[in-house]
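Working notes for the structure below.
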Amino acid sequence: MDIRHSEFLPSLHCPPFVGPLPVSHVSFSSACPIPLPGSPSLHRGLHPSREEKRDSRMAEEKKLKLSNTVLPSESMKVVAESMGIAQIQEETCQLLTDEVSYRIKEIAQDALKFMHMGKRQKLTTSDIDYALKLKNVEPLYGFHAQEFIPFRFASGGGRELYFYEEKEVDLSDIINTPLPRVPLDVCLKAHWLSIEGCQPAIPENPPPAPKEQQKAEATEPLKSAKPGQEEDGPLKGKGQGATTADGKGKEKKAPPLLDGAPLRLKPRSIHELSVEQQLYYKEITEACVGSCEAKRAEALQSIATDPGLYQMLPRFSTFISEGVRVNVVQNNLALLIYLMRMVKALMDNPTLYLEKYVHELIPAVMTCIVSRQLCLRPDVDNHWALRDFAARLVAQICKHFSTTTNNIQSRITKTFTKSWVDEKTPWTTRYGSIAGLAELGHDVIKTLILPRLQQEGERIRSVLDGPVLSNIDRIGADHVQSLLLKHCAPVLAKLRPPPDNQDAYRAEFGSLGPLLCSHVVKARAQAALQAQQVNRTTLTITQVLSLSTSAPGSGSTTTSPVTTTVPSVQPIVKLVSTATTAPPSTAPSGPGSVQKYIVVSLPPTGEGKGGPTSHPSPVPPPASSPSPLSGSALCGGKQEPGDSPPPAPGTPKTNGSQPNSGSPQPAP
Amino acid sequence: MAALAEEQTEVAVKLEPEGPPTLLPPQAGDGAGEGSGGTTNNGPNGGGGNVAASSSTGGDGGTPKPTVAVSAAAPAGAAPVPAAAPDAGAPHDRQTLLAVLQFLRQSNLREAEEALRREARLLEEAVAGSGAPGEVDSAGAEVTSALLSRVTASAPGPAAPDPPGTGASGATVVSGSASGPAAPGKVGSVAVEDQPDVSAVLSAYNQQGDPTMYEEYYSGLKHFIECSLDCHRAELSQLFYPLFVHMYLELVYNQHENEAKSFFEKFHGDQECYYQDDLRVLSSLTKKEHMKGNETMLDFRTSKFVLRISRDSYQLLKRHLQEKQNNQIWNIVQEHLYIDIFDGMPRSKQQIDAMVGSLAGEAKREANKSKVFFGLLKEPEIEVPLDDEDEEGENEEGKPKKKKPKKDSIGSKSKKQDPNAPPQNRIPLPELKDSDKLDKIMNMKETTKRVRLGPDCLPSICFYTFLNAYQGLTAVDVTDDSSLIAGGFADSTVRVWSVTPKKLRSVKQASDLSLIDKESDDVLERIMDEKTASELKILYGHSGPVYGASFSPDRNYLLSSSEDGTVRLWSLQTFTCLVGYKGHNYPVWDTQFSPYGYYFVSGGHDRVARLWATDHYQPLRIFAGHLADVNCTRFHPNSNYVATGSADRTVRLWDVLNGNCVRIFTGHKGPIHSLTFSPNGRFLATGATDGRVLLWDIGHGLMVGELKGHTDTVCSLRFSRDGEILASGSMDNTVRLWDAIKAFEDLETDDFTTATGHINLPENSQELLLGTYMTKSTPVVHLHFTRRNLVLAAGAYSPQ
């Protein structure tokens, strides 16, 4: 049900209702009980197989109960007041209310006709206009809101108000702003929807197995185990999902399992690849680990965006895990980086759901984080960047796939903690464990890293200050120290009240104290600086976003302003807090996600800059050796924003923008 | 047959001359339904509605007009009715005539009245004496027991003696009688001259019982029905909905608002879910004043709700109501319902569910009894060495009949005519031009390369996505040879694309044309202006969203219908508008060219479909009878019939020759949005907002299949060129392919099923579904099979 009443009500109300409308929201939504035959509940009703009957009737009852409501008579009073009629009798109000409600419903029902004939799922203001025209009423000219206009809410003095905010527009602003781009003209584009019964997996077509289905298969194999019933499955499933509780859905699904064909229990999964797919697989894997960086970028791009890789997932996953196994032994840093970038690309693909392959991927990624040695010359090569990158990957995996049943996050945390706590752990592994933990978020840092700071500080000091045992250890300790400082400072800045005292820090964190203290101070300063910037950046970003919703092809446009306007921002935490408080509870979803967006995208940029410059490393394929690193760092920095906001891959937003950029959008 | 022959000649005359052959002004009925549309005029032109009004010049135009109508009506009205229902002829006809006379007298058309009376050999007394039968009906309602016996006596006969009943099936009379469709509204109220129809209609609600008892009555009946035997329960449950509606309306009309409200609250949950759209309208209707302009309400009042009930069940109900002395309910049954009683086993719940759902109940059995010539016309002989095409077409025909497969197909091509085909000249068709012949030859050549489809050989689908269609794509059409695509948009434009390398060119200016050597061989090429060549041409002219578009078969014209109430004819030679056909005063939802060109049909919000010829600015026929918007219109492949799908959830088939409604198909549970005939003309497939596709056998007038699978409105339907595959496109962003051969394979067309209309639909949608193809958030607005059986689908990408 895609109708938003606010979408047309404003236009209905605007001219007569000058003032805000004291209309309770409930009555608004019910005043326009718009029957959308597309709505799931109706569909369920349409096939009233005998046992479903009662159920559907119940649902309908629920629905229709709403439909008899009317506007509150208070609204009439306000309208009357706005027209200059001060005293209006209660009885008159009641009469008016009845009449107005009836007329509004009538018009809404007529408007629906136009929506249907216009082949749309969404009622627009023009539909209302045409419906008015049918009734020989002059339509309301000038209300053409294409997008959803949210109702604002305000209360006070015992009154609740829902109103539609109209901003005052300065005409000179409009005149002075440059003209927007001319919208593209309608054009025709042909593609194959099906070739002799098979749907080709091209960007113009939806992915063969939608992510939801993959997810359902992975998490609830029994539920999705009816490919044969797929056709009416969504029908019923949707209806039940929408209205009734889950329990009921299960009840309904039980009978087919019992008396239906047991053969259908197991989902058919085809593991044979077509010739084209085999060729593709070969090309992609070769390009991914080959020496040509341009080709690799293209291949990774393909993995990250192409729909229809679903069937090749098992191969990719095996390729990666085997690749890591072999290359760790051979200490081939470059290849490990390439493989991790493949993992990253797979994770980024909005049409893939990796849950089924996580068991293969996690060990591979973990290896790249905590392995004792990842490269031939640990003293020179920048294997630290790989560890950082892989740590971020693991954090991402945790975020997406950790559930209460598989406990991925807690298992990973345990692994990291165990190796960190161990006295004999080498510095490389130690670094990886800390990086892995730190990437898991502030809570993890607070509970697991901060308490151990003192102990760790001692250990670092003993290496750095003590007799020179080995250069490698020294470098390791150095890295661990900067890592700890980097991750802990923002957290501490948030936790501790402002006066930062060197001694207090030393008392609490031991030898790392003074350094920490200065870092925290720096973090605070940057946060304050940021706070000023934040308002500006958030503003620009929301603008960018709103633009991008109207004009598809958002992905790139949104990321670039973020990375460019705020190039080197460290105090991430501050940013979050200030940003979330700055725009108060306006529209919860939109701006909220924007802020998170910035936050997560920041650290990698800073790091990516530092990484390759400080440690240029000559590793096996000499020509391309710096590129994997810079590439990885870059790709970490650039692509992170796309899916970093926690619910990203699931949310329609990223899903929606992806196809936009990938597909039927024409080349201008 | 003699009568038919007579008609043919008559109509042939009518269609040929340029004198407007309008023979029916059925607007009155339509007007009565419209209510608010200002149709309260019963004046001289009242019946004429738009047509008469637009053509009558000045004040005196009114008089001659109806005379024409009536003189046409007399023979036609007398002839087809006996032919259609021979046993019902006399009383039925008489009622109609009486109604016409009443109307004429009222309108002060003495002359016409006299003429008609003489024609019908009726005496003045007879008219006065019998009065309006409708009144008798309502007046006599008090004598319950007497009526009971009367109904039992009369019901078995196919024509009950009440004129509103015949009016509802209206179509049998439509062509003949000026006031045919108006009968339900008018007959009861002839006395009231200046009153709007509404009040007359409503007056039936004047008699009232105790408002507080309504709930009791209803729950009493509910209890009775729920306790009855299983076999009767299903049938009697059909009563719930109409009774509920009428009781509620009675309460509202008599201004018992609170009672009405609680009555609604209490019982609306019992109603079948597919009535919820109507219930929603009802629920908002809480005041007597609201009833005046409410169309849905008027539909309930002006047409009797038709129920089919077996004799046993009916007896049971009757006995119960008699015992309980439940006059209130009995009155409603008497006045507002039409109970079609049949002998034999009561129908099962499934059988009933398949057929109910329309706004006015099921179709009466006799409504679907008349003969329909569903066969194809003989193709003209064109000298082409190999022409397998006809053979294939005929083959299809022969298949289900088993008896005469091959022989017939080979023989019939040249000599024999399909027994089900209409006479070749039943409808005058335009002569074939040379270019048409060329096209036919092309077609045949293509045919030889056609892919034979089947479950193992599915067609490829090429999808044309309209990008950047922010203004909303509302209609699409593709030419038969798949060279052009037209799109109608909500911004009132029509855009025509060429999808072949051949660009669109318009003809040169007149001054340039005069320079051309007219004798040269390539004159057709020379007249085109190369400078205008482009892939896309935009046609401006409408002032509202374009809801329908249709190419003429010869690709020279394009029709478009719009919200602005006009149908426009565009030339594809000059890319300009040639004619604007005005007639529908409200949005025109669909239009389509006849497969032979020249004629076209349109349907719109004014609840009528109109048949036009391109060279007449007035419609030739008006097909009135639907109770709600006509959403889609399609020509039968033989051009002799037109099918319309409506928001009243019925599909009707109309005879182009005489404007009669020859089939009423009920069973859809939502407004119908797509229609298509099978290439052999035998079957009809319809799709509705309920996401289901229903298949109908036209000859037998039966539902023969139900295809479930879509989850949203089915916007487009098309059979493959040989009829093996049915493709359906929907708002749920899928194209689905169905096995049409299997769907029509073993039809229950035995005599029993045909006679009773009881159908048992197999639940085999899953087996019939051959493929489902998701698009990327692109509703499938149009489907087309190329001559080689490649599917072209079209829709606008709608970013979410």
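Net charge near residue B:497: determine it from the other residues with C-beta under 10 Å of the C-beta of residue B:497, scoring Lys and Arg +1 and Asp and Glu -1. Show your work: numbers first, answer last.
Values: positive: B:495, B:537; negative: B:535.
Cβ neighbours under 10 Å give a net charge of +1.
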### Summary
Expressed per residue, the solvent accessible area of region A:71-141 in Å² (1.4 Å probe) is about 46
### Query
If amide H atoms are built 1.01 Å from N in the plane of the peptide, which residues on other chains or at least 5 residues away come under 5 Å of the amide H of residue B:604?
B:589, B:630
### Query
How big is the Kirkwood radius of region A:71-141, worked out from every pair of different alpha carbons and given in Å to one decimal?
13.5
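In Å², and per residue, what accessible area does region B:593-708 have when probed at 1.4 Å with the other protein chains present?
Working: 1450 Å² over 116 residues.
Here the per-residue accessible area is 13 Å².
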### residue B:774 - accessible surface, heavy atoms, 1.4 Å probe, Å² rounded to 10
90
### Query
Do the alpha carbons of any pairs in A:133/B:304; A:105/B:261; A:113/B:292; A:119/B:292; B:440/B:503 sit beyond 24 Å of each other, and which pairs?
A:133/B:304; A:119/B:292
### Task
Between residue B:233 and residue A:278, with labels modelled 7 Å along Cα→Cβ, what's the label distance in nm to one decimal, could you check?
6.1
### Task
Over the whole of B:466-475, what's the average partner chain Cβ count within 10 Å per residue? Rounded to a whole number, please.
5
#### Entry: Inter-label distance for residue B:288 and residue A:195, nm, one decimal - labels placed 7 Å from Cα along Cα-to-Cβ
7.2
### Query
If the label point is 7 Å along Cα→Cβ of residue A:470, which residues in region A:374-407 have backbone nitrogen under 18 Å from it?
A:374-384
### Query
Average partner chain C-beta neighbours within 10 Å, per residue of A:92-102?
2
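I'd like the FRET efficiency for residue B:760 and residue B:315, computed as 1/(1 + (r/R0)^6) with the beta carbon distance as r and R0 of 25 Å, rounded to 0.05.
My answer for the efficiency is 0.50.
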### Task
Report the FRET efficiency, 1/(1 + (r/R0)^6), for residue A:462 and residue A:406, where r is their Cβ-Cβ distance and R0 is 30 Å, rounded to 0.05.
0.15
#### Entry: Accessible area per residue, Å², region B:210-368 with all protein chains present, probe 1.4 Å
32
### Message
Going by amide H atoms built from the backbone, whose H comes under 5 Å of the H on residue B:557, apart from near neighbours?
### Response
B:552, B:572
## Note on the structure
Here the residues of region B:239-282 whose accessible area is at least 50 Å² smaller with all protein chains than in the chain alone (probe 1.4 Å) are B:265, B:268, B:269, B:273, B:276, B:280
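If you take the Cα atoms of region B:618-775, find Rg, then find the Kirkwood Rh from the mean of 1/r over all pairs, what is Rg/Rh? Don't skip to the end; give the middle numbers.
Values: Rg = 14.9 Å, Rh = 15.7 Å.
Result: Rg/Rh = 0.95.
Going by average Cβ density within 10 Å per residue, which order do the peptides B:683-692, B:550-559, B:262-271, B:472-481 take, highest to lowest?
Details: B:683-692: 26.4, B:550-559: 21.4, B:262-271: 18.6, B:472-481: 23.0.
Result, highest mean first: B:683-692, B:472-481, B:550-559, B:262-271.
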### Task
With N set to the residue count of region B:210-368, report its C-alpha Rg divided by 2.2 N^0.38 Å to two decimal places.
1.00
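Trypsin sites (Lys or Arg not before Pro), restricted to region A:111-205: which are DSSP loop and have at most 11 other Cβ atoms within 10 Å? Don't jump to the answer; show the numbers that get you there.
Values: sites: A:113, A:119, A:120, A:122, A:133, A:135, A:152, A:159, A:167, A:181, A:189; in loops: A:119, A:120, A:122, A:135, A:167, A:181.
The qualifying sites are A:167, A:181.
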### Query
At a 1.4 Å probe, what is the % contribution of carbon and sulfur to the accessible area of region A:429-506?
54
### Message
Using the Karplus curve 6.51 cos²θ - 1.76 cosθ + 1.60 with θ = phi - 60°, what ³J(HN,Hα) values do you get for each residue of region B:238-250, in whole Hz, with x for Gly and Pro?
### Response
4, 5, 3, 5, x, 5, 4, 4, 5, 5, 5, 5, 4
### Task
Provide the per-residue ³J(HN,Hα) series for region B:260-277, in order, calculated from phi with Karplus coefficients 6.51, -1.76, 1.60 and θ = phi - 60°, each as a whole number of Hz, with x at glycine and proline positions.
4, 5, 5, 4, 5, 3, 6, 10, 5, x, 6, 6, 4, 5, 6, 8, 5, 5
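For the A and B pair, go ahead and give the buried accessible area with a 1.4 Å probe, both sides summed, in Å² to 100. Working shown, then result.
Values: alone 36270 and 32880 Å², together 62100 Å².
The summed interface area works out to 7100 Å².
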### Query
With each pseudo-label sitting 7 Å past Cα toward Cβ, what's the residue B:772-residue A:80 distance in nm, one decimal?
5.5
## Note on the structure
Residues whose built amide H sits under 5 Å from the amide H of residue B:782, excluding neighbours closer than 5 in sequence, are B:794
### Query
What order do B:586, B:773 take when sorted by accessible area (1.4 Å probe), most exposed first?
B:586, B:773
## Note on the structure
Residues of region B:762-778 that bury at least 30 Å² of accessible area, probe 1.4 Å, when all protein chains are present rather than the chain alone, are B:766, B:773, B:774, B:776
### Under Karplus coefficients 6.51, -1.76 and 1.60, residue-wise ³J(HN,Hα) of region A:75-87 in Hz, glycine/proline x
4, 4, 4, 5, 4, 4, 4, 5, 8, x, 9, 7, 9
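The values are calculated or read from the model by the stated rules, or taken from the named source; none is laboratory data. Being a predicted model, the structure only gives us computed values, none of them experimental. Counting neighbours? That spans all protein chains shown, and the Cβs are built from the backbone with ideal geometry, glycine included. Calculation scope for accessible area: heavy atoms of the full protein, side chains included, ligands and nucleic acids excluded. Shrake-Rupley method; radii C 1.70, N 1.55, O 1.52, S 1.80 Å.
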